[in-house]
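I have a structure here, written as structure tokens, and I will follow up with some questions on it.
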């Protein structure tokens, strides 16, 4: 009975140990690679230009609001009630336009960032895949998500950078 149990245990453990072959694991610092890619710099420049356009428009609208508000405050005591309510409505409408433009700007900036980043991310992923295939790696993991990196892993950041021509 004892012998049968040992044979059964050995038979169950054999696949576990047989599958425990060594794996070649690479670690890449994708944030470092991304920061050095010229595409990221051009993406940031394009996003900065778009942000500047929205900012200029918002500043202009805020100045217009401020001017109209100051005029309203100065003249409200002498205004006829119908004109006063029309001016208040004008200020509320302008304030709403500013808020709406702010929301649209944020959404457009996020959308543009996703649109511009997708091909950069694809390019990085393809370079990592090439390094993985060329180097015979079983896994390549991102350094930012690693809690522990042992001596059995290899930093492939420089290999990925060279695949990208950096």
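Look through 140, 120 and report the one residue that is under 30 Å from residue 164 (Cβ atoms), modelled with pLDDT under 95, surrounded by 14 or more Cβ atoms within 10 Å (Cβ to Cβ) and in contact with a helix residue (DSSP H, G or I) (Cβ under 7 Å, 6 or more places away or on another chain).
Step by step, each of 140, 120 is checked, and only 140 is under 30 Å from residue 164 (Cβ atoms), modelled with pLDDT under 95, surrounded by 14 or more Cβ atoms within 10 Å (Cβ to Cβ) and in contact with a helix residue (DSSP H, G or I) (Cβ under 7 Å, 6 or more places away or on another chain).
One line per residue, one yes/no per condition, for (1) farther than 30 Å from residue 127 by Cα; (2) in a helix (DSSP H, G or I); (3) at pLDDT below 90:
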{"site": "13", "(1), (2), (3)": "yes, yes, yes"}
{"site": "22", "(1), (2), (3)": "no, no, yes"}
{"site": "42", "(1), (2), (3)": "no, yes, no"}
{"site": "51", "(1), (2), (3)": "yes, yes, no"}
{"site": "64", "(1), (2), (3)": "yes, yes, no"}
{"site": "70", "(1), (2), (3)": "yes, yes, no"}
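Looking only at region 143-158, filter to residues that are closer than 14 Å to residue 33 by Cα and either free of Cβ contacts under 8 Å to residues at least 40 places away in the same chain or within 23 Å of the chain's Cα centre (by Cα) (or both); which one of those is surrounded by the fewest Cβ atoms within 10 Å (Cβ to Cβ)?
My answer is 144.
Please work out if residue 166 is part of a helix (DSSP H, G or I) and within 30 Å of residue 49 (Cα to Cα).
Judged against the criteria, residue 166 is not a match.
Quick one: in region 72-82, of everything that is touching a helix residue (DSSP H, G or I) at 6+ places or on another chain (Cβ under 9 Å) and part of a helix (DSSP H, G or I), which residue is surrounded by the most Cβ atoms within 10 Å (Cβ to Cβ)?
72
May I ask you to list the residues in region 140-155 that are touching a strand residue (DSSP E or B) at 6+ places or on another chain (Cβ under 8 Å) and not in a strand (DSSP E or B)?
143, 146, 149, 152
Separate question: Please specify each residue of region 123-137 satisfying the condition of being more than 13 Å from residue 37 (Cβ to Cβ), surrounded by fewer than 16 Cβ atoms within 10 Å (Cβ to Cβ) and under 24 Å from the mean Cα position of the chain (by Cα).
Those that are more than 13 Å from residue 37 (Cβ to Cβ), surrounded by fewer than 16 Cβ atoms within 10 Å (Cβ to Cβ) and under 24 Å from the mean Cα position of the chain (by Cα): 129, 130.
The values are calculated or read from the model by the stated rules, or taken from the named source; none is laboratory data. Nothing here was measured: the structure is a model prediction, and the numbers come from that model. Methodologically, a virtual Cβ is constructed for each residue, glycine included, from the backbone with ideal geometry; neighbour enumeration extends over all protein chains shown.
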